[in-house]
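Inspection log for the structure reproduced underneath, given as structure tokens.
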Amino acid sequence: MDATITLNVNGKERTIITDPERPLLDVLREDLHLTGAKYGCGEGRCGTCTVLMDGRKTLSCVTPVARADKKTITTIEGLADGDSLHPVQQAFLDEGAIQCGYCTPGMILSAVALLKNNPQPTDEQITEWMNGNICRCNGYTKILNAIRRAAAQIAEVKIP
Amino acid sequence: MTENTYTKEMLEPQRSEPVEEPSPEIKLSRRTFVQMLGTGLLITVTQGVSLGQRARGRSGQSITVAARLHINQDGTITVMTGKVEEGQGPRAQLTQAAAEELRVAVDQIRLVMSDTALVPDDGITAGSRTTPSTVPAVRRGAATARELLTRLAAEQWQVDSSALNVRNGTIRNRTTRQTITYADLAKSKDVAEAFKQSIPSDVTLTPVNQWKALGVSVPRPNSRDIVTGAHHYPSDIVRPNMLYGKILRPPSYGATLTSIDLSKAEAMKDVVVVRDGQFIGCAAPSSFRAAQALEVIAKTASWKTVPHPSSKEIFSYLKKHARTGGRSRPRTSGSIDKGLADASKVLSETYEVAYIQHTPMEPRAAIAEWKDGKLTVWVGIDWPQRAQRDLARTFQIPAERVRAIVPDMGGGFGGKHSGEAAEEAARLAKAAGRPVAVHWTRAEEFTWAYFRPAAVIECKGGLDANGSLIAWDFTNINAGGAAIDTPYNIANTRILSASSDSPLRQGAYRCLAATANNFARESFMDELAAAAGADPLAFRLAHLDNPRIRTVLEAAARHFDWPTRRKKVTADIGVGLACGTEKNSVVAACVEVGIDRKQGEIKVHQVCETFECGPIQNPANLVSQVQGCIIMGLGAALREEMQFEDGKILNAGFAGYLVPRFKDVPKIDVHLINKTDIPSAGGGETPIIAIAPAIANAVFAATGIRIRSMPMRSALLKQL
């Protein structure tokens with residue numbers, strides 16, 4: 001039985017009539033054509049599908065869309081403020097923390113959620129928080145540098 | 001699964017290494033292709049510039065300048081290459097290559113990659129070949145274009161070309177200070193005419209000491225699209241009216257379908273079901289719906305299964321089926337029998353390497369669209385022209401009716417030499433009469449993609465009374481011959497790569513067999529050093545002439561402070577080193593490991609690696625490649641291993657197959673050596689080969705236990 005789901009995605013109200021069991025990831029990608037969140041494993045074990053739901057890190061591949069009803073979703077497409085990149089996005093560019101880039105949207109959104117709760121994380125806290133996000137190019141070293149850089153920048157300019 | 005989904009070459013690791021075989025000439029039909037390139041540039045390719053000419057980019061065969069690049073009237077330059085970007089940096093590097101020889105800034109170059117309708121065939125993206133083959137090919141094309149443009153300016157001004165120089169895309173007469181830009185020249189018909197000429201193989205390229213665009217860190221040109229989510233990977237492509245497809249997979253390897261009832265799925269609303277022999281798939285407006293339909297289909301299927309060896313018995317199986325005679329001839333020097341007979345100490349050991357999976361973050365994906373008897377696919381594959389040829393063969397249509405496009409994709413590591421999803425999507429799309437996307441699940445990628453070969457490696461070494469190595473007998477069963485030769489000076493050697501019957505479909509992997517061969521060789525060298533009572537570094541250097549390997553080995557030891565660290569080894573903290581060469585680059589690594597005796601775990605604390613691949617073209621990207629190789633190497637060294645039984649993969653997911661994560665990342669020191677008196681070699685593979693043996697050697701230094709398997713953890717658990 002299809003259900004009517006209302007989402008606020010990247011600042012826009014969206015109404016979808018669909019099977020409530022479908023993963024949020026599928027709805028974002030297939031119905032809303034927001035393909036920034038990626039499929040990596042379908043089991044919530046790799047983090048490529050990470051989005052923010054009411055500001056919290058959420059694995060959209062294991063989140064039935066019904067659970068996102070009336071929630072606010074931020075995908076990578078909605079993170080920048082117009083042409084102005086979020087400090088975490090900018091830090092990934094500045095550190096060159098991109099190889100194939102397929103994990104990058106999930107990495108960035110995970111890091112955004114971390115820095116929102118803990119603007120000055122220790123390396124151990126970053127590692128612990130980010131451990132659910134896999135990069136198979138194994139660009140972890142530069143990704144860590146990017147998150148450190150973003151934290152420093154956020155502290156400096158006090159961007160939320 | 002149909003037979004022709006798997007090409008024979010994918011089953012044979014030796015042949016799945018990048019083979020730059022000539023492709024049959026592709027003839028352009030009478031149609032005119034109108035193509036959009038770069039910043040609104042419209043190129044019309046007519047019969048005059050045949051696709052056949054475009055197809056001959058490989059193996060040093062000549063293509064026209066026009067097939068390689070186009071000067072746009074806005075001053076930008078569109079450069080075309082068949083190479084694929086999957087994260088290792090060719091997009092930046094080839095952009096730099098063109099900018100260097102054209103004497104323009106890198107941001108003036110628009111690189112069009114991997115679209116069979118637009119680009120020359122530069123061969124497969126594999127084997128670290130972009131740097132030594134495609135970079136020079138692009139540089140030759142760009143240098144030729146610069147010379148032609150300069151000549152045209154000289155003709156216009158009626159001066160000798162030598163009176164002119166080029167900077168930032170502007171040609172200047174040094175005497176008269178007259179200038180003209182590439183963009184201005186491009187407006188004339190003379191340029192189009194001049195660019196019809198073939199790119200000569202002997203055009204002069206800019207020497208390393210004058211590099212401006214090459215040799216500096218240039219970020220990936222489409223980085224911003226990556227961090228904003230604007231870039232569309234193969235699995236992100238959406239076409240109007242498209243469906244999502246799913247394919248029925250056998251429950252185990254070799255199983256064949258005996259009966260099936262498709263009627264229930266066919267009755268499902270919005271679902272298209274396709275059967276073609278053993279191929280059964282379905283498509284629906286959402287992947288969720290397609291998966292539901294597939295489940296309905298799968299419930300009705302009966303299969304005939306066949307016996308299949310398990311991972312528990314794989315090494316004895318490979319050894320039993322090894323083909324050591326016939327065509328598998330060993331390479332020899334001196335007399336191995338005499339060397340072993342003369343030795344005062346002989347060691348004989350066997351090493352084992354498990355099958356592993358590449359697990360790129362983006363599993364195989366493709367979307368296929370048929371229009372007017374022509375097929376267009378967007379697919380994640382290392383070689384668009386291979387996809388084009390394979391699809392043309394499968395659907396029995398001329399190659400020019402197939403267009404294969406590879407959007408920058410989500411990782412490969414040697415694992416995407418085949419484009420199965422494109423064929424599957426094309427079959428479904430043909431039947432559905434609509435575009436169909438097929439996105440493999442992680443479990444499908446783990447099961448139906450190919451694996452890095454497992455190996456059994458038998459080593460015998462003989463030391464004379466002085467502790468010098470005088471005999472070396474080395475046989476690799478199944479993994480292949482990459483880096484199998486020893487770089488050490490040994491009078492009597494016998495080296496053999498023997499094939500076997502691999503029960504799993506196997507193929508290329510980052511550095512392929514070089515990892516297995518280097519693991520066994522560098523571990524065994526350590527065993528021989530211990531037997532000779534020598535320091536592992538001194539023992540290697542005593543047998544090593546190769547100046548490049550010596551340089552990186554000595555540098556790594558120096559940066560790591562090997563002598564001091566070696567003296568500080570305890571039962572819980574060990575240090576080890578290893579070195580090697582492959583694909584014309586050299587590497588050495590020193591590592592420190594900690595042994596957790598309670599958990600039976602190896603924790604890598606630090607990796608100090610020195611790498612040299614000739615003149616460095618993009619330092620930041622090379623650092624990324626070396627870091628990536630080190631961490632990827634840790635996974636295969638410590639944990640990654642395919643487990644299988646009765647033709648089923650038992651760990652087809654990230655819960656059972658443990659790839660490196662943030663918590664596994666050690667302190668990494670990368671030291672690059674910029675050797676400018678030789679040609680550049682690729683750097684995305686060889687840095688992986690020193691990691692596993694350096695770890696095994698460090699574990700031995702701490703514990704006295706020699707682990708002769710990759711991965712190592714389980715073996716250690718058993719022994720402690």
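Of note:
- Among the residues of segment B:218-228, those that are part of a helix (DSSP H, G or I) and facing chain A (nearest Cβ under 7 Å) comprise B:SER223, B:ARG224, B:ILE226, B:VAL227, B:THR228.
- A count restricted to segment B:229-244 and to residues that are facing chain A (nearest Cβ under 8 Å) and part of a strand (DSSP E or B) stands at 1.
- Residues within segment B:251-274 that are closer than 20 Å to B:ALA426 by Cα and either within 34 Å of the chain's Cα centre (by Cα) or touching a residue at least 60 places away in the same chain (Cβ under 8 Å) (or both), tallied: 2
- For segment B:487-512, a residue qualifies if it is crowded, with 22+ Cβ neighbours inside 10 Å and among the basic types (Lys, Arg), and exactly one does: B:ARG510.
- Considering segment A:136-146, the residues that are closer than 15 Å to A:GLY47 by Cα and facing chain B (nearest Cβ under 7 Å) include one that is surrounded by the fewest Cβ atoms within 10 Å (Cβ to Cβ), namely A:TYR140.
- With respect to (1) touching a residue at least 60 places away in the same chain (Cβ under 8 Å); (2) within 24 Å of B:ALA655 (Cα to Cα), the lone exception for A:LEU144 is condition (1).
- Residues being among the charged types (D, E, K, R), in contact with a strand residue (DSSP E or B) (Cβ under 9 Å, 6 or more places away or on another chain) and either in a helix (DSSP H, G or I) or surrounded by 13 or more Cβ atoms within 10 Å (Cβ to Cβ) (or both) - total across segment B:316-336: 3
- The strands (runs of 3 or more DSSP E) falling completely within segment B:134-210 that include 2 or more residues that are touching a Lys or Arg at 6+ places or on another chain (Cβ under 7 Å) and of a type outside the set (S, T, N, Q) map to B:164-167.
- Selection count, segment B:587-636, where residues are of a type in the set (Asp, Glu), away from chain A (no Cβ under 13 Å) and closer than 25 Å to B:ALA538 by Cα: 2
- Candidate set from segment A:88-102 (those that are facing chain B (nearest Cβ under 7 Å) and not in a loop (DSSP other than H, G, I, E, B)); member that is surrounded by the most Cβ atoms within 10 Å (Cβ to Cβ): A:PHE92
- Within segment B:578-615, the set of residues being within 23 Å of B:HIS559 (Cα to Cα), of a type in the set (Gly, Ala, Ser) and either assigned to a loop (DSSP other than H, G, I, E, B) or not assigned by TED's automatic domain parsing to the domain that holds B:ALA694 (or both) comprises B:GLY614 only.
- Between B:GLU313, B:GLU362, B:GLU369, the distinction of being crowded, with 23+ Cβ neighbours inside 10 Å and out of contact with any Asp or Glu (no Cβ under 8 Å at 6 or more places or on another chain) belongs to B:GLU362 only.
- Across segment A:12-48, the qualifying residues are those that are at the interface with chain B (Cβ under 9 Å from one of its Cβ atoms) and within 11 Å of the chain's Cα centre (by Cα), and the one among them that is farthest from B:PHE654 (Cα to Cα) is A:GLY36.
- Which listed residue is surrounded by fewer than 22 Cβ atoms within 10 Å (Cβ to Cβ) and part of a helix (DSSP H, G or I), from B:THR515, B:THR551: B:THR551
- Where a residue in segment B:116-134 is of a type in the set (Lys, Arg) and its partner, wherever it lies, is surrounded by fewer than 24 Cβ atoms within 10 Å (Cβ to Cβ) and at pLDDT below 95, with Cβ under 9 Å and at least six apart: B:ARG129/B:PRO18; B:ARG129/B:GLU20
- Residues being facing another protein chain (nearest Cβ under 7 Å) and under 16 Å from A:THR50 (Cβ atoms) - total across segment A:125-134: 3
- Screening the candidates B:THR676, B:THR703 for the property of being modelled with pLDDT under 95 and away from chain A (no Cβ under 14 Å) yields one hit, B:THR703.
- Qualifying positions in segment B:658-679 - of a type outside the set (Val, Ile, Thr), in contact with a helix residue (DSSP H, G or I) (Cβ under 7 Å, 6 or more places away or on another chain) and closer than 28 Å to B:TYR253 by Cβ: B:PRO660
- Enumeration of residues in segment B:390-446 that are within 14 Å of chain A (Cβ to nearest Cβ) and in a helix (DSSP H, G or I): B:ALA421, B:ARG442, B:ALA443, B:GLU444, B:GLU445, B:PHE446
- Considering residues of segment B:147-164 that are touching a helix residue (DSSP H, G or I) at 6+ places or on another chain (Cβ under 6 Å) and touching a residue at least 24 places away in the same chain (Cβ under 8 Å) only, the residue surrounded by the fewest Cβ atoms within 10 Å (Cβ to Cβ): B:ARG151
- Residues that are over 20 Å from B:LEU544 (Cα atoms), of a type in the set (A, V, I, L, M, F, W, C) and part of a strand (DSSP E or B) within segment B:561-577 comprise B:ILE573, B:VAL575, listed in sequence order.
- Subset tally (residues that are within 11 Å of the chain's Cα centre (by Cα) and part of a loop (DSSP other than H, G, I, E, B)) for segment A:73-87: 2
- Test: residue in segment B:423-430 that is under 30 Å from B:PRO221 (Cα atoms), in contact with a Phe, Trp or Tyr (Cβ under 6 Å, 6 or more places away or on another chain) and assigned by TED's automatic domain parsing to the domain that holds B:VAL238: no
- The helices (runs of 4 or more DSSP H) located wholly in segment A:103-160 that include 3 or more residues which are within 21 Å of B:TYR657 (Cα to Cα) occupy A:123-130.
- For segment A:49-67, the count of residues that are over 25 Å from B:PRO234 (Cα atoms), within 7 Å of chain B (Cβ to nearest Cβ) and within 13 Å of the chain's Cα centre (by Cα) is zero.
- Members of segment B:371-389 that are among the aliphatic types (A, V, I, L, M) and in a helix (DSSP H, G or I): B:ALA387
- Pairs with Cβ under 6 Å, 6+ apart, first in segment A:71-82 and closer than 18 Å to A:THR15 by Cα, second part of a loop (DSSP other than H, G, I, E, B) and among the aliphatic types (A, V, I, L, M): A:THR75/A:LEU34; A:THR75/A:ALA37
- Residues satisfying the stated conditions in segment B:255-293, i.e. basic (Lys, Arg) and away from chain A (no Cβ under 14 Å): B:LYS264, B:ARG275
- Check on B:ASN651, at pLDDT 95 or above and more than 30 Å from B:TRP303 (Cβ to Cβ): no
- B:HIS605 fulfils the conditions (1) out of contact with any strand residue (DSSP E or B) (no Cβ under 6 Å at 6 or more places or on another chain); (2) surrounded by fewer than 17 Cβ atoms within 10 Å (Cβ to Cβ) except for a single criterion, (1).
The values are calculated or read from the model by the stated rules, or taken from the named source; none is laboratory data. Please read these numbers as outputs of a predicted model, since none were measured by experiment. As a convention, Cβ positions derive from the backbone with ideal geometry for all residues, glycine included, and neighbour counts pool all protein chains shown.
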